[in-house]
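Visitor: Take this structure first; my questions come after.
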Amino acid sequence: MNIHEYQAKKLLEQYGVSVLKGGVAFSVDEAMKAAQNLDAKVWVVKAQIHAGGRGKGGGVKVVKSLDEVRSESMRMLGMNLVTHQTGPEGQKVRRLYIEQGCAIKKEFYLGMLVDRAACAVTIMASTEGGMDIEEVAAKTPDKILKIAVDPKIGCEDFYARQIAFGLGLSGKAYKQCIKFVKSMYKAFIELDASIVEINPLVLTEDDEIVALDAKMNFDDNALYRQADIADLRDESEEDPKEIEATKNQLNYVALDGTVGCMVNGAGLAMATMDIVKLAGQKPANFLDVGGGATKERVTAAFKIILSDENVNAILVNIFGGIMRCDIIAGGIVAAAKEVSLDVPLVVRLAGTNVDLGKKILAESGLPIISADNLGDAAEKIAQAVRA
């Protein structure tokens, strides 16, 4: 789950991470009030969307008067902000963050993520702050310092000192960076984060270390014990199909292809998407109905796939273990009869009650294309799309 910059900063500040003062605004009047409440001569007006690259898209502006705060707020609120992470469709700006400005001496990058290869939280830091870290990693990987923190001992001083030293800091800034890194790690662990990213982390002219931006992602599987975090969810920033999938306990991720996929099991879902791609088509989604899905959940999954206007064919690939093939078949028939099914449907069933499942599909009266195996299913879905 993602949250906005201002939400991330508020959480991090509670753990002792240094941030600048600011206020959230949902209207121009609220933006003006937030600016007036700040003891500043320079303000930064920031669009709040769940995407990076806001500055390049015109979503971050430094202003030097309240009149400029008003004009930039009027421009940004309601605009469709397009960045390299939103795609060409962009994202509507519904809220702003008005923050006091600061005199910047140097920009850095600081991030933490769950590193499955290292089986630990890895801290990444770079002197190339304010840039796309992916670009830095691709072109100058030697400029990224990576340190895996032993989970048995946590982020002790010596880890934080390595980061501060690697960034070339000294004196007051060196000491502040050590505190900053340890506080950030504590927030990461206690809030069940999956990513915390500060880009840029800045050294001010007063030798203060401050988070100028903040991004936080959280492990969805831990939200049951993070009620305060779950309350920060902004559904207006999410795909409506993914929201509906969550409500029905489905694992769904929207993609940019045209072949809708419904599969049980994450591994099988990945293999299905791969073979669809191998057959010359592009999957429109990842959708795992799970091992113990009900008929109602399968029906909901089918409706979600069909709600995607880009879908021009559907591939259902089920291996019945815990999940019985007749349950899947019943859900497919129920959903197809409830909505207008006007795209080809290829179904491959195998496993528990497969014969009963095939019988249900055959007697449904629906134009369902049956497949014997995954390769056959991919070939038939490709033929159906090309027809």
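Each row is one residue, and each column tells you yes or no for (1) touching a residue at least 24 places away in the same chain (Cβ under 8 Å); (2) in the same structural domain as S71 (by TED's automatic domain parsing).
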site	(1), (2)
T83	yes, yes
A125	yes, no
K146	yes, no
K152	no, no
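Visitor: If you take the residues of region 137-155 that are in a loop (DSSP other than H, G, I, E, B) and not small (G, A, S), which of them is surrounded by the most Cβ atoms within 10 Å (Cβ to Cβ)?
Guide: Residue satisfying both the conditions and the ranking: C155.
Visitor: Name the residue that is nearest to the chain's Cα centre (by Cα), counting only residues in region 248-268 that are closer than 19 Å to D308 by Cβ and free of Cβ contacts under 8 Å to residues at least 40 places away in the same chain.
Guide: Filtering first and then ranking leaves V253.
Visitor: Does any residue in region 183-205 that is in the same structural domain as L169 (by TED's automatic domain parsing) come within less than 7 Å, Cβ to Cβ, of a residue that is among the polar types (S, T, N, Q) six or more places away or on a different chain, and which pairs are these?
Guide: Every condition considered, the pairs that remain are L191/Q226; D192/Q226; A193/N217; S194/N217; I195/N217.
Visitor: Also, I was wondering about something else. Scanning for something within 15 Å of T258 (Cα to Cα) and in contact with a strand residue (DSSP E or B) (Cβ under 8 Å, 6 or more places away or on another chain), does region 356-365 turn up at least one residue?
Guide: The answer is no, given that none of the residues of region 356-365 is within 15 Å of T258 (Cα to Cα) and in contact with a strand residue (DSSP E or B) (Cβ under 8 Å, 6 or more places away or on another chain).
Visitor: A follow-up question, please. For F158, are the conditions met, namely being among the aromatic types (F, W, Y), farther than 30 Å from Q36 by Cβ and surrounded by 14 or more Cβ atoms within 10 Å (Cβ to Cβ)?
Guide: The answer is no for F158.
Visitor: Right, here's the next one. Taking the criterion of being in a helix (DSSP H, G or I) and either touching a Lys or Arg at 6+ places or on another chain (Cβ under 7 Å) or surrounded by 22 or more Cβ atoms within 10 Å (Cβ to Cβ) (or both), would at least one residue in region 281-295 satisfy it?
Guide: So far as region 281-295 goes, no, none of its residues is in a helix (DSSP H, G or I) and either touching a Lys or Arg at 6+ places or on another chain (Cβ under 7 Å) or surrounded by 22 or more Cβ atoms within 10 Å (Cβ to Cβ) (or both).
Visitor: While we're here: Just to be sure before I move on: is A51 modelled with pLDDT under 95, part of a loop (DSSP other than H, G, I, E, B), crowded, with 16+ Cβ neighbours inside 10 Å and hydrophobic (A, V, I, L, M, F, W, C) in the structure I sent?
Guide: So A51 fits the description; yes.
Visitor: Follow-up question, since we're still on this one. Collect the residues in region 54-89 that are buried (at least 16 other Cβ atoms within 10 Å of the Cβ), farther than 18 Å from V24 by Cα and of a type in the set (S, T, N, Q), keeping them in residue-number order.
Guide: T83, T86
Visitor: Against the condition within 15 Å of the chain's Cα centre (by Cα) and modelled with pLDDT under 95, how does A214 come out, does it pass?
Guide: no
Visitor: Out of all the residues in region 6-37, which are within 27 Å of K175 (Cβ to Cβ) and in a loop (DSSP other than H, G, I, E, B)?
Guide: Y15, G16, V17, S18, L20, K21
Visitor: Please pick out the residue among E89, E134 that is within 22 Å of A47 (Cα to Cα) and not in a strand (DSSP E or B).
Guide: So the residue among E89, E134 that is within 22 Å of A47 (Cα to Cα) and not in a strand (DSSP E or B) is E89.
Visitor: Look at D274 and say whether it is in a loop (DSSP other than H, G, I, E, B), assigned by TED's automatic domain parsing to the domain that holds I328 and among the acidic types (D, E).
Guide: No; evaluated as a whole, the condition is false for this residue.
Visitor: Still on this structure: Name the residue that is surrounded by the most Cβ atoms within 10 Å (Cβ to Cβ), counting only residues in region 302-331 that are out of contact with any strand residue (DSSP E or B) (no Cβ under 6 Å at 6 or more places or on another chain) and either of a type in the set (K, R) or touching a residue at least 60 places away in the same chain (Cβ under 8 Å) (or both).
Guide: Step by step, filter region 302-331, then rank; the result is I304.
Visitor: Next question, about the same structure. Which numbered condition trips up V121, out of (1) at pLDDT 95 or above; (2) under 28 Å from V44 (Cα atoms); (3) under 20 Å from the mean Cα position of the chain (by Cα); (4) not basic (K, R)?
Guide: Only one criterion in (1) at pLDDT 95 or above; (2) under 28 Å from V44 (Cα atoms); (3) under 20 Å from the mean Cα position of the chain (by Cα); (4) not basic (K, R) is unmet by V121, namely (2).
Visitor: Now a separate question. Can you report the number of residues in region 304-359 which are of a type in the set (G, A, S), closer than 21 Å to N373 by Cα and in a loop (DSSP other than H, G, I, E, B)?
Guide: 1
The values are calculated or read from the model by the stated rules, or taken from the named source; none is laboratory data. Quantities reported herein were computed from a predicted structural model and do not represent experimental measurements. So basically every Cβ, Gly included, is an ideal-geometry build from the backbone, and we count neighbours across all protein chains shown.
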